[in-house]
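Since every read-out is calculated from the coordinates, none of them should be taken as a lab result. This structure is a prediction, so every number in the text was calculated from the model and none was measured. Using ideal geometry, Cβ is built from the backbone for each residue, glycine included, and neighbour counts are taken over all protein chains shown.
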Amino acid sequence: MRMSEFQALLKKLYLQKDLNRGIESTYIWLIEEIGELATLLNAQELDKTKISEELADIIAWTISIANILNIDIEKAIVSKYPNKCKKCNSSPCNCVK
Ligand SMILES: [Mg+2]
Ligand SMILES: [Zn+2]
């Protein structure tokens, strides 16, 4: 699935709820998912199934924010992350830090 298809799917499923909830509450949900990821990464044994679920949640809530603002996330990704590092202009990145 392309990122644009996933964004369209989330729009179809949740756009009205996202708009009703609003940007601030949606942002808080995103941070809550990031907290859930932190808890899993802090565990003695890494549960990759649960970790992958939280990563999916984080991406979904991130796209909900994009949907509320009517931002094309695939466009944003391609522009921010082209085929080479934007700072050093190479692939893989050769930046010192
Ligand atoms: Mg979650
Ligand atoms: Zn670089």
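Between MET1 and GLU32, what is 0.36 nm times their sequence separation minus the Cα-Cα distance? Round to one decimal in nm.
Difference between extended and current length: 8.6 nm.
With Cβ to Cβ distances under 11 Å as the rule, what net charge do the other residues near ILE65 carry (K, R +1; D, E -1)?
Taking every other residue near ILE65 into account, the sum is -1.
Only Lys, Arg, Asp and Glu count, each charged at its Cβ (+1, +1, -1, -1), so figure out the dipole size of the stretch 5-97 about its Cα centre, rounded to 20 debye.
620 debye
Rounded, prolate or oblate for the chain? Axes are the square roots of the Cα gyration tensor eigenvalues, ordered a ≥ b ≥ c, and the cut-off for rounded is a/c under 1.5.
oblate
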